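The values are calculated or read from the model by the stated rules, or taken from the named source; none is laboratory data. The model shown is predicted, which means the values in this text are computed figures rather than measured ones. Heads up, the Cβs are rebuilt from the backbone with ideal geometry, glycines too, and the neighbour counts pull from every protein chain shown. For the accessible areas, the whole protein counts, side chains as well, though only heavy atoms, and no ligand, DNA or RNA atoms are used. Shrake-Rupley method; radii C 1.70, N 1.55, O 1.52, S 1.80 Å.
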Amino acid sequence: MSVPISLGMPEVKETPPVLAPRRATRRIRVGTVDVGGGAPISVQSMTTTPTSDINATLQQIAELTAAGCDIVRVAVPTTEDAAALPVIARKSQIPVIADIHFQPKYVFAAIDAGCAAVRVNPGNIRKFDDQVKEIARAAADAGTSLRIGVNAGSLDKRLLEKYGRATPEALVESAVWEASLFEEHDFHDFKISVKHNDPVVMVRAYELLSEAGDWPLHLGVTEAGPAFQGTIKSATAFGALLSQGIGDTIRVSLSAPPVEEVKVGIQILQSLNLAERRLEIVSCPSCGRAQVDVYSLAERVTAGLEGMEVPLRVAVMGCVVNGPGEAREADLGVASGNGKGQIFVRGEVIKTVPEALIVETLIEEAMRIADTQPAGATGGPVVTVS
């Protein structure tokens, strides 16, 4: 029997540091979710089903909800889609935002349907400026919030003529102008986005917008691309802004299933300590010192612990160079080599097992640790793979 060996894991875990304090913004409500004003940064996604297909749309919303999505947006390009909104808004477990383009009548239909919020794109809604008073009154009466969504691809023609292209200044001028129209009617329950497919342009636009007012901001890189490219672009842009305290809700736009958007968004927030970390796998990139297949170990451990709700840091280490140090910081882990692995729990080596049993043992110990604390508990285990 192995004798536990202490690696001196710190007894007290400090509150995770953040790169910058959150920027002070106005707080609004999107159904049951607060946005801005210091509320937790929420993660959004959008369904890809025809909204008129109520069952398929609700199924996808359920999948997004299970993945941790806070707010969901549905497209409303047709009368049939608008007609489906009352049922979808009522049956969804998370707030539903209606995404409106071109037809202002659908804005009013979405408000009447009980949607938590409506996204409007001023650049492509006909005679939008003339509709602001009526939209503001209807939204205020229903307790519905709005998002003024400015996109590089649908910028008002007047601004394109002025700036020549969708510059950060053009995006911000559009957003500030439309915000002022609502504020003239004493309507303030809205957030703003100024999206662009170039992360550099997008970041600068949000920086300028954050200096112009205290509106809550919805972050997004529009048309970010396929999963790999879109993840990199979104993580880069969001990291640059969130590290300055800019951003109150996020949507990662990927040419991939919506659930993947949610996973990436949550991971970005967790990586910046802006959301409670749940399962965290810490693993080394491997090198010539490694005596085990670290890639396989990390993937198998991650798959085996998928869906774990408690904070858990697991370390999977391929050699003794960084293994002991990571072991000291992790809640659970393994330092591998010579066909075996030392299993450690909260700073103590509890056993040594053959390489073939490493994954099985880590999963068993992780489940045992998880059983000792409730879901959502803070300061819990973390898994490191190296």
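Key figures
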| item | result |
| --- | --- |
| Unique match (being over 15 Å from the mean Cα position of the chain (by Cα), in a helix (DSSP H, G or I) and farther than 23 Å from T48 by Cβ) among V301, V292 | V301 |
| Residues of region 3-31 satisfying the condition of being open to solvent by 50 Å² or more (accessible area, probe 1.4 Å), of a type in the set (G, A, S) and modelled with pLDDT under 90 | S6 |
| Test: residue in region 257-269 that is part of a loop (DSSP other than H, G, I, E, B) and either open to solvent by 40 Å² or more (accessible area, probe 1.4 Å) or touching a residue at least 24 places away in the same chain (Cβ under 8 Å) (or both) | yes |
| Residue match in region 218-236 (condition: of a type in the set (S, T, N, Q), in contact (Cβ under 8 Å) with a residue 12 or more places away in the chain, in a helix (DSSP H, G or I) and open to solvent by less than 10 Å² (accessible area, probe 1.4 Å)) | yes |
| Candidate set: region 359-375, residues that are β-branched (V, I, T) and at pLDDT 90 or above; chosen: the one most open to solvent (accessible area, probe 1.4 Å) | I363 |
| Counted residues, region 290-335 - those being modelled with pLDDT of 80 or more and among the β-branched types (V, I, T) | 6 |
| Criterion (modelled with pLDDT of 95 or more, under 24 Å from G213 (Cβ atoms) and of a type in the set (D, E)) met by exactly one of D34, D112, D81 | D34 |
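Listed here are the residues, each with its yes/no results for (1) free of Cβ contacts under 8 Å to residues at least 60 places away in the same chain; (2) in a helix (DSSP H, G or I); (3) in contact with a His (Cβ under 7 Å, 6 or more places away or on another chain).
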residue: S45; (1), (2), (3): no, no, no
residue: S52; (1), (2), (3): yes, no, no
residue: V72; (1), (2), (3): yes, no, no
residue: E80; (1), (2), (3): yes, yes, no
residue: V87; (1), (2), (3): yes, yes, no
residue: A98; (1), (2), (3): yes, no, no
residue: E134; (1), (2), (3): yes, yes, no
residue: A139; (1), (2), (3): yes, yes, no
